[in-house]
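Accompanying notes for the structure given below.
Nothing in this text is a laboratory measurement; each read-out follows from the coordinates by a stated rule. Because the structure is a prediction, the values reported are computed rather than measured. All Cβ positions, glycine included, derive from the backbone under ideal geometry; neighbour counts span all protein chains shown.
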Amino acid sequence: MSSPWAQTWGLERALRNRMFAPMCNYYRSDLRKTGAERDWYGFDEVSELPQDIYPNRLAPVVRLKDGAPCWQAMKWGFPPPPNLGKRPVTNVRNLASPYWRGWLKPEWRCLVVATAFTEWTDARPKRMHWFALGEDEPLFAFAGIWRPFTPAAAQSDLFAPPPETQRLYALLTCEPNALIAPIHARAMPVILARAHWDDWLSAPEAAAVALQRPYPAEAMREIDGA
């Protein structure tokens, strides 16, 4: 069943019209539902962020700051590589690419917290499916990378204030597991087991990159998105 939030914002129509690529570009981060904003590193403005997250929207992200995990609001989507258009890059698969290698250092890794995510069927008619972990794991984390980014100033207004630096993030993807593959055969987001959250944030690059793998299908479920 489709999410009432998605219907309200017209998101499903936008996705079907390919405003955003359908692969893993819509998820839910309902921290208030899980109480996570109190349990993780205090309570701050991230609890007021929207629950439904899609490209170019602010979302709660955890990164290392002065050696300790902290919450920050970041916008979903990296600037694309040169000569590849203007659409933000939300999913990262090829970690061997020179464009991504520099962002794999610990200071640029992050946990993208979520409670559910979507994948679209490969075949037509296109249909959205919602996925989550088991009922005993209401909150989980995608492996992400982040960067600061200052947009170019508009040339049409020389007296406008300079653009503010933004914090942007993207999700890692990998081969789909047995639950996702029948619906979307190309990829799924990299979901980190709790035991690996600290590893993703602080481990050496080789150990962190080894976490780019499918989450066990038996530990996941398809859910009603409403």
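Values computed for the structure shown
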quantity: Ascending count of other beta-carbon atoms within 10 Å, so fewest first, for Lys86, Lys126; calculated: Lys86, Lys126
quantity: At q = 0.23, 0.24 Å⁻¹, base-10 log of I(q)/I(0) for segment 69-145 (Debye sum, equal scatterers on each alpha carbon); calculated: -1.21, -1.23
quantity: Order of Asp52, Asp122, Asp66 - criterion: other Cβ atoms within 10 Å of each residue's Cβ, fewest first; calculated: Asp66, Asp122, Asp52
quantity: Whole-Hz ³J(HN,Hα) from phi, Karplus 6.51 cos²θ - 1.76 cosθ + 1.60, for segment 142-147, glycine and proline x; calculated: 7, 6, x, 10, 9, 7
quantity: Per-residue Cβ neighbour rank within 10 angstrom, fewest leading, Tyr215, Tyr99; calculated: Tyr99, Tyr215
quantity: Gained length - Ala96 relative to Ala73, 0.36 nm times residue gap less alpha-carbon distance; calculated: 5.5 nm
